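Have a look at the structure below before the remarks.
The values are calculated or read from the model by the stated rules, or taken from the named source; none is laboratory data. Since the model is a prediction, treat every value here as computed from it, not as a measurement. We place every Cβ from the backbone using ideal geometry, glycine too, and count neighbours over all the protein chains shown. The accessibility values were calculated without ligands, DNA or RNA, using every heavy atom of the protein model including side chains. Shrake-Rupley method; radii C 1.70, N 1.55, O 1.52, S 1.80 Å.
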Amino acid sequence: MRPTSQLPVTLFLLTVLTASAGPCLAQAPEPEAAAPAAVSPTAVPPSDTPLAQATDAGVTAQESRPADDPRLAGSPGFKGFFKDVGRDYAQWFTLDTARTLTLGTATALFVRPFDEKITEARFDEIAGGLTVGDEYGNLTLQVPLAVAWWGIGAAKGSRRASAAGRDLLRAQISATSWTYAIKYAVRRTRPNGDPRAFPSGHSSATFATATVLHTHYGWKAGLPFYALGVYTAASRIHDRKHWLSDTVMGAAVGITAGRAVTFRLRQHPVRVVPAITRGGAMVQFVVDP
């Protein structure tokens, strides 16, 4: 059980972070409907043939319908949430995940020879400012932050902000489960002698949050939260709770979890639309926004 004296710190951090989310929640306008952008070698002239008219009518009807914003994708309801959580795990077995984890593992192996030296340095010059990292990276703050973002977004009627909060919560579930699966498999000892050092759970939680917010709102929102992730990692090293390589791998796991739950935001489906012209036929490649 966590010390009671730390509870006010947790509540204070949660209040500050929720307040800082206000601009994103308030300034997250609902996406406007946009017609797909067509890329074709030549313009399609009008045609009087029935097939051409039917094709043109089909494309026109498709373009007139509001485009579904990928941010709003997701299975509805309580059961739908857990259905999407299951899909998040499936996203770990992709090329994108392999690249991220390979880079994270390689970086962790590269910095591993410096673990003891960095830990013994203890960041004494800035030690006084590293006292809040343990609270910020703890799930007792990260999970309420995600739920609050989801709830405030829903209360304000912002489907985009609500979807971001939903993704934040899913990212914490994904990051935590994979972090502890690796912890129990590796069984590395912490600098203070405690078990299950690799990877850092605090780092994975904070970088998962940063990745989701970066994907939904861009670098202006993501960069401060990435900085908080680095701050949390530094505090864990200073407190002798983790080695440097633990925090590096934890960041990789968190980023992967964040990307897994927001993969749909990076998808740009390409549709092939045939068309009949007076001089023959053509194929249009339509990129959905």
_Count of the stretch 190-217 residues which are among the polar types (S, T, N, Q), within 15 Å of residue 175 (Cβ to Cβ) and surrounded by fewer than 24 Cβ atoms within 10 Å (Cβ to Cβ)_ = 1
*Quick one: residue 116 ticks every box in (1) of a type outside the set (Gly, Ala, Ser); (2) open to solvent by 20 Å² or more (accessible area, probe 1.4 Å); (3) touching a helix residue (DSSP H, G or I) at 6+ places or on another chain (Cβ under 8 Å) bar one, so which box is it?*
(3)
*Out of 151, 137, report the one residue that is in contact (Cβ under 8 Å) with a residue 12 or more places away in the chain, surrounded by fewer than 16 Cβ atoms within 10 Å (Cβ to Cβ) and within 20 Å of the chain's Cα centre (by Cα).*
151
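Name the residues in the stretch 207-229 that are of a type in the set (Gly, Ala, Ser) and either under 16 Å from residue 104 (Cα atoms) or in contact (Cβ under 8 Å) with a residue 40 or more places away in the chain (or both), would you?
208, 210, 221, 229
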*May I ask you to list pairs of residues, at least six apart or on different chains, whose Cβ atoms are under 7 Å apart, with the first in the stretch 230-257 being open to solvent by 40 Å² or more (accessible area, probe 1.4 Å) and the second being of a type in the set (S, T, N, Q)?*
240/119; 240/192; 241/192; 243/119; 255/100; 255/211
